[in-house]
1. Using the Kirkwood radius built from alpha carbon pairs, what does the Stokes-Einstein equation give as D for segment 88-144 at 37 °C and 0.692 mPa s, in µm² per second?
2. Computed over the Cα atoms of the chain, what is the convex hull's projected area averaged over all directions, in nm²?
3. Of all the accessible heavy-atom surface of the chain, with the other protein chains kept in place and a 1.4 Å probe, what percent is carbon and sulfur?
4. Can you give the relative contact order of segment 58-107 as a percent, counting alpha carbon pairs under 8 Å and 6+ residues apart?
5. Using a probe radius of 1.4 Å on heavy atoms only, what accessible surface per residue do you get for the chain? Whole Å² is fine.
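The values are calculated or read from the model by the stated rules, or taken from the named source; none is laboratory data. Fair warning: this is a prediction, and the values are worked out from it, not measured in the lab. Side chains are part of the model used for accessible areas, which takes the heavy atoms of the whole protein and leaves out ligands, DNA and RNA. Shrake-Rupley method; radii C 1.70, N 1.55, O 1.52, S 1.80 Å.
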Amino acid sequence: TSLIFSPQGVQAQGLSFPAEVNKEFSPISITPGQVSRLGITIFNPNLFQLTNAAWNDNLIGVQPGIIIANPVNLTNTCGGTVIAPAGGTSLSLSGGVVPPQVGITPGSCTVSIDVTSTTPGNLINTIPAGGLTGTGGGGTITNTTPASATLQVGTVLPPLITKLFTPNTMWVGQTS
């Protein structure tokens, strides 16, 4: 708790806690060209709502490979504006609102889109600490830990060809 001195006297300002971000892919493993759902959830552990919530997610910030699918299939419970162009490699939220904590349950909102990749490997996607900003409780609120998720993209195996004769033995002039 902090004290603010003003001409009207001393005012107590409430405690504020950092908001946090969580990311997930569903499914976490795809073959090249398949689609996975990327969800980014903001958690607000404060007794006041978080306004002007904003983040930018660079899908290729750690390594190349993840792109926004076409169609994007956007869902957004945060309000504000989401920019997520099909075929692009970044998405962002601005002007979002995250409800306050109720009881022991933090307020939350989620932005989800479809993503894809043709790059095999474990593709890491991260929003860094401080990547989320918002206002509430008389100040700026941010995330103190990074939010990361890994999308596993399998390799495409070459086609397998087999040959079989039935029957595999015959006399001259017979058909197999």
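1. 228
2. Average projection, Cα convex hull of the chain: 15.8 nm².
3. The value for the chain is 60 percent carbon and sulfur by accessible area.
4. Reported relative contact order: 32 percent.
5. Result: 58 Å² per residue.
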